[in-house]
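Take a look at the structure below.
The values are calculated or read from the model by the stated rules, or taken from the named source; none is laboratory data. Keep in mind it's a predicted model, so treat the numbers as computed, not measured. Please note: Cβ atoms are built from the backbone with ideal geometry, for glycine as well, and neighbour counts cover all protein chains shown.
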Amino acid sequence: MSEPLFSVGQRVQIADRTPPVHHRVPSYAKGHVGVIERVCGMHANPELCIRGDGKPFQRIYRVRIPQTDLWAPYEGTDGDKLEIEIFEHWLELAQ
Amino acid sequence: MTGHDDHDHGRTFQPDHPEPTSDAALVGLALRELLIEGGHYTADEEQAVIAEMQGASPENGGKIVARAWTDSDYKQRLLHNGKDAIKELGFDLEPYEFTVMENTEGVHNVIVCTLCSCYPRALLGMSPAWYKSRNYRSRVVREPRGVLSEFGVNLSDDVDVRVHDSTAELRYMVLPQRPVGTDNWSEDDLAALITRDSLIGTQRDLSTK
Amino acid sequence: MNEPWGPHDIGGQMAGPIDLGEHDIAHWEWQIDAMLRLAHKKGLISDFAELRDGIEQLSADDYDRLSYYERWAKSLAYTLLSKEVITDQTLNEKVAEIRARQEAEGLR
């Protein structure tokens, strides 16, 4: 079991890439910056388990993004949030 | 079972659910017959799985909510580690991480899976057709308040909305606010108040009627 | 907004009003759902990610046009064919057999 790379409250950026395999990052979130809301557990990385190529495990984090960062215009409050689960290898500390 | 063929594999099409004839549905029926003929599973196993899925309903989620409303220590365990807390009540969603989001005066939560339709079926039963629909999945992340108003939930600016997109291995349920005037109610009576939509987040207020 | 990666990557797109109707699940749809779970339980697929991958391989037209369980049926076919659990030929023959039976029964 590896130690988490990120901790709650850290600002992280979601990678903006499109690997040619099944991956669970919606395009609306790619490249955006959010805050780690929760450190979750280790799970099978879906990118590597297609057609039985093995199941390396990766940690998941919940990332909280202000809706006003994602959409323009956005109909709602500045406090409205979008929260998604992202695998560790898609995140790096934001500048 | 109504089949008269001697190799009827438990084909039990009901009068109100006719056998489908589209090309894609035929692929599905064909796969099923091939897998059963190939010995990969039996019609009995199929029936058992269907019965299990049909046995799950939002009543399961309702029991969890009622316990959280009446036992504040349980509620904290549920919010902190939903995966383990539900096991105390005999439920299990492993390997998924069951995660509960609490509605408050200032926060309203709503759940979606934009990429497909992930949903905690063992606790809520089968997902409604709208949850799986293109229009819900596309719009609720971008304009949650507009979508919620279509469900009759109109939120003031005093309430923040949090949309949870079930993109990986978490499965979510909303913990609705306990209605006023239910202070001395039993857990069973409280559980009976809870609706599927309140557990997804497309309903905010629960009626005590 | 970034370009969607596949026909399933629809979060944030503009779309119409939501149909709030409750739609009963047909018996054949329960059977498809059970088949997906049994395929996993019996080790025909190692992870539901394989089935999601199969959905993402659908054409945009198929993704739009097909119903929820029709999409999963096509996804499972794609997955089992690529793993050679079944062959194109046996699948096509079985589809033809079912089609012929339905015609004989006046369903088509």
Of those in region A:1-24 that are modelled with pLDDT under 95 and within 22 Å of B:Val163 (Cα to Cα), the residue farthest from the other protein chains (Cβ to nearest Cβ) is A:His23
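Under 14 Å from the mean Cα position of the chain (by Cα), of a type in the set (D, E, K, R) and in the same structural domain as B:Asn184 (by TED's automatic domain parsing), is that true of B:Lys63?
Details: under 14 Å from the mean Cα position of the chain (by Cα): yes; of a type in the set (D, E, K, R): yes; in the same structural domain as B:Asn184 (by TED's automatic domain parsing): yes.
Taking the combined requirement at face value, the residue satisfies it.
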Determine which member of the set B:Gly90, B:Gly106 is at pLDDT 95 or above, over 24 Å from A:Cys40 (Cβ atoms), exposed (fewer than 14 other Cβ atoms within 10 Å of the Cβ) and not assigned by TED's automatic domain parsing to the domain that holds B:Arg32. B:Gly106
Which of the residues spanning region C:1-29 are among the aromatic types (Phe, Trp, Tyr) and crowded, with 21+ Cβ neighbours inside 10 Å? C:Trp28
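Return the total of residues in region A:59-84 being among the small types (Gly, Ala, Ser) and more than 8 Å from chain B (Cβ to nearest Cβ).
Our first condition is that a residue be among the small types (Gly, Ala, Ser); within region A:59-84, this holds for A:72, A:76, A:79.
Next, from what is left, pick out any that are more than 8 Å from chain B (Cβ to nearest Cβ): A:72.
The qualifying residues number 1.
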Spot the failing condition for B:Arg162; the list is (1) more than 25 Å from C:Tyr69 (Cα to Cα); (2) without any contact (Cβ under 8 Å) to a residue 40 or more places away in the chain; (3) among the basic types (Lys, Arg), and only one is missed. (2)
Condition check: within 7 Å of another protein chain (Cβ to nearest Cβ), in a helix (DSSP H, G or I), more than 15 Å from B:Ser117 (Cα to Cα) and under 13 Å from the mean Cα position of the chain (by Cα). Does C:Ile55 satisfy that? no
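Give region B:143-188 a look and list any residue that's small (Gly, Ala, Ser) and loosely packed, with under 13 Cβ neighbours inside 10 Å, or say none. Before the answer, list the steps.
Taking region B:143-188 first, the residues small (Gly, Ala, Ser) are B:146, B:149, B:152, B:156, B:166, B:168, B:181, B:186.
Listed by number, the residues that qualify are B:Ser149, B:Gly152, B:Ser156, B:Gly181, B:Ser186.
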Filter result for the condition that a residue is over 30 Å from A:Leu70 (Cα atoms) and buried (at least 18 other Cβ atoms within 10 Å of the Cβ), over C:Leu58, C:Leu81, C:Leu36: C:Leu36
When region C:22-47 is examined, which residues are found to be part of a loop (DSSP other than H, G, I, E, B) and either in contact with a Gly (Cβ under 7 Å, 6 or more places away or on another chain) or within 7 Å of chain B (Cβ to nearest Cβ) (or both)? C:Glu22, C:His23, C:Ile25, C:Ala26, C:Lys42, C:Leu44, C:Ser46
Filter region B:24-46 down to residues that are more than 8 Å from chain C (Cβ to nearest Cβ) and part of a helix (DSSP H, G or I) and give me whichever is farthest from the chain's Cα centre (by Cα). B:Glu37
